[in-house]
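Okay, structure first, notes after.
The values are calculated or read from the model by the stated rules, or taken from the named source; none is laboratory data. Note that the structure is a prediction, hence the values are computed from the model and not measured. Counting neighbours? That spans all protein chains shown, and the Cβs are built from the backbone with ideal geometry, glycine included. For accessibility, only protein heavy atoms count, side chains too; no ligands or nucleic acids. Shrake-Rupley method; radii C 1.70, N 1.55, O 1.52, S 1.80 Å.
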Amino acid sequence: GKLVVLTCGGGNGAHCLAGLASVRPDIESRVLTMYADEAERWAANLDSGFIITVHNDDGSIKSIKTKPSLVTKDPKKAVPGVDYIFIVVPAFAHAMYFEAIAPYIDDNTVIVGLPGQAGFEFECVNLLGDKAKRCTMVTFESLPWACRLVEFGKNVEILGFKDTLGASLLKGKECNLTKPIIETTQYILGEKPKVRHVQNYIAITLMAKSIVHPPIMYGKWSQWDGKPLSEKPLFYQGLDERQAELLSGVSDECVATAKAIEKKVPGLDMSDVIHVFDWYLNYYSDQITDKSNLMMAMRTNKAYDGLVHPMKEIEPGKYVPDFTYRYMAEDVPEGIVPMKGIAELAGVSTPYLDEVITWCQGKLNKEFLVGNKLTGKDLKDTRAPQKYGYNKLEDLFTGSFEVTPR
Ligand code: NAD
């Protein structure tokens, strides 16, 4: 029979995935979106299908006409019989979908975080319970496309494809899948990006791009005098030396954590965890004009042209920073806090992460960190391993899951 693929979500990325999967004649593509009235709005237009407008690198444009077989908000209709479930929403909405699919999920289902964001597997195992042992979790390090909805349910634009994209597998020991997972995932996505199998989920977690925003926010706004600005400052291209040092320091701590884990857990390959400067040089090499250091690489990255700080306009022409934006609200509890948690289990001290988290949690009115320990009362609102009862490094690599399936 057909491979049944379910997309969870109704945003930019969800339209792309559901649409690209539908194009394959041997895939049945379904959509589960539970947010507001998205399912009704999308389903109302489903008969006429929708368009993916692809902007190619050479400037040409291709239109793909596509049509998922089902769009619903009812997990009872969407989930039974599904082979692959892609969760394509911001991390704060993951839990809602894990809870929705849990009662209906079959054995041997593949659950894909596209992207996963830090702590995806911890949360999935926690909410799926024993069923997770009979499933496999796949985590992508980012979204495959730069994309945006032009008109909900009718037209989505792909502005660019990544060339390659890392993905890790965490396989339940009772999951019996015969079809190779990375290859099947590649088939669902299409030719681009080339999916690269990263050996383990902790390496993917330590490489999540959520490390970028919080240090830049902290560096920019911790010494702000509180006076509104007359324009929105550039986010990446306005980077100063202090911000670059903070980001570089946080990244050093993630790399040090990976090295410490590799020493303590025999057989684990953490070589995918590289410094953020090296990552920029690898991923954006054509877009960066000055590669002399991290600050200059970010300031001269064309992919960042014109991107500004998240700001609220409090009066016409007067702007203040928006600390509720996902750069803080998501990238701290589902980003750098889980990374700090892993560093803590690995016995690595993290002065930069601690400094950044301490300031961010104040702005978010939360307490995650007390001094340099993750013992704050709001740890329950994060995806740190400690929240789920992982208190030793080995806990991350033993139990009902295989971290290195090939
Ligand atoms: P998006 O902004 O389009 O997501 C919005 C969707 O999330 C909504 O349509 C809805 O389905 C769901 N949602 C929003 N609020 C919700 C709520 N309160 N409860 C439940 N569901 C809710 O997201 P996207 O652009 O598809 O990106 C998905 C992820 O990929 C994000 O983490 C984003 O940071 C990351 N990402 C996006 C891009 C891009 O080009 N769009 C690029 C790289 C990474």
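Things worth noting here:
- Taking a straight Cα-Cα cut-off under 20 Å and skipping sequence neighbours fewer than 8 places away in the same chain, the aspartates and glutamates within cross-link reach of Lys76 are Glu28, Asp37, Glu38, Glu40, Glu99, Asp106, Asp107, Asp130.
- When restricted to Cα atoms, region 85-202 yields an Rg and a Dmax of 14.4, 43 Å, respectively.
- Note: region 267-360, Cα convex hull, 141 Å³ per residue.
- Shown here: region 144-246, whose C-alpha atoms stretch 60, 37, 23 Å along the first, second and third principal axes, sorted largest to smallest.
- Debye log10 I(q)/I(0) for region 178-222, one point scatterer per Cα, at q = 0.21, 0.30 Å⁻¹: -0.81, -1.02
- Burial ranking of peptide ranges 53-59, 325-331, 276-282 (average Cβ count within 10 Å, highest at the top): 325-331, 276-282, 53-59
- Across the alpha-carbon set of the chain, the Rg to Rh ratio works out to 0.95, Rh being the Kirkwood radius.
- Scaled radius of gyration (Cα, divided by 2.2 N^0.38 Å) that region 173-298 gives: 1.35
- Taking the Kirkwood radius as Rh and the Cα radius of gyration as Rg, region 1-115 has a ratio of Rg/Rh equal to 0.97.
- Equivalent ellipsoid semi-axes - Cα gyration tensor, region 19-61, angstrom: 24, 15, 10
- Leading residue at positive end of dipole, the chain (Cβ point charges), from Val71, Thr404, Ile51: Val71
- Under-5 Å amide H pairs with Asn155, H placed in peptide plane, nonlocal only: Ile51, Val150
- When only the Cβ of Lys, Arg, Asp and Glu is charged (+1, +1, -1, -1), the dipole of the chain relative to its Cα centre reaches about 500 debye.
- Beyond 22 Å in Cα-Cα separation lie the following of the pairs Lys171/Lys340; Lys232/Lys302; Lys366/Lys387: Lys171/Lys340.
- Ordered from highest to lowest accessible area with the whole protein assembly present and a 1.4 Å probe, Lys154, Lys173 read as Lys173, Lys154.
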